[in-house]
1. In the stretch A:30-45, which residue that is in a strand (DSSP E or B) and either within 15 Å of A:G104 (Cβ to Cβ) or of a type in the set (V, I, T) (or both) is nearest to the other protein chains (Cβ to nearest Cβ)?
2. Give all pairs with beta carbons closer than 6 Å in which a residue from the stretch A:72-92 that is of a type outside the set (V, I, T) meets a residue that is in a strand (DSSP E or B) and surrounded by fewer than 18 Cβ atoms within 10 Å (Cβ to Cβ); count only pairs at least 6 apart in sequence or on separate chains.
3. Answer yes or no: is there a residue in the stretch B:42-63 that is modelled with pLDDT of 90 or more, farther than 24 Å from A:G106 by Cβ and touching a Leu at 6+ places or on another chain (Cβ under 9 Å).
4. When you look at B:I45, is it touching a residue at least 24 places away in the same chain (Cβ under 8 Å), within 14 Å of chain A (Cβ to nearest Cβ), part of a strand (DSSP E or B) and under 11 Å from the mean Cα position of the chain (by Cα), yes or no?
5. Given A:K49, A:K78, which one is among the basic types (K, R), under 15 Å from the mean Cα position of the chain (by Cα) and within 13 Å of chain B (Cβ to nearest Cβ)?
6. Answer with yes or no whether A:G59 is closer than 30 Å to B:Y49 by Cα, surrounded by fewer than 21 Cβ atoms within 10 Å (Cβ to Cβ), at pLDDT below 95 and touching a strand residue (DSSP E or B) at 6+ places or on another chain (Cβ under 7 Å).
Amino acid sequence: AQSVTQLGSHVSVSEGALVLLRCNYSSSVPPYLFWYVQYPNQGLQLLLKYTSAATLVKGINGFEAEFKKSETSFHLTKPSAHMSDAAEYFCAVSGGSQGNLIFGKGTKLSVKP
Amino acid sequence: DTAVSQTPKYLVTQMGNDKSIKCEQNLGHDTMYWYKQDSKKFLKIMFSYNNKELIINETVPNRFSPKSPDKAHLNLHINSLELGDSAVYFCASSQELGREVETQYFGPGTRLLVL
């Protein structure tokens, strides 16, 4: 069965600093992986997804993630944090024939001025 | 234009009541979903549905039932509401059921509080 683990429920960075949000997956088949962002009191918005076409995936708002099979990881990065990046970030893996997403527990990103 | 919309945005009700949450998507997608986000922000699938198949997460109580009047709508009916049903409920849609690569588009959520 597929699962994802997000290390760190809360990450705090200074404005302009590197953002690194960690996600490790477990899957018995080649996974499809997603990062979603949830701004306060809003729904989820897709940041990027891995579909096996390329291991380095670029998303919206300057975010990117690298799929590393040897490490079973799909960490999310952004070179320079903005205040507007403060939100909850969810890593997810596609759950199989049911079509649903299996989410990690989320990482709350805080950005300090 | 809102791709996936939900009504109401907030719902406060008493234990034991029956309530419905509506979801509509204008993306022309074939598949819709309901997810529940608990107080710890954990998201879990409740239902996956297209015009051919309803897949129910086995942990969902049968007090919850999805109803789809047409392809663009998937409403969530909840009978005999309990305190533990308090959560944020998200509707989502994707093009096809079972294609793992599909992006799911989420609605803004409905915040349900049961008193």
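1. A:L44
2. A:S73/A:N24; A:H75/A:R22; A:A86/A:S110; A:E88/A:K108
3. yes
4. So B:I45 fails the test.
5. A:K49
6. Here the answer is yes, as A:G59 does meet what is asked.
The values are calculated or read from the model by the stated rules, or taken from the named source; none is laboratory data. Quick caveat: nothing in here was measured; it's all calculated off a predicted structure. Cβ atoms come from the backbone with ideal geometry, glycine included; neighbour counts cover every protein chain shown.
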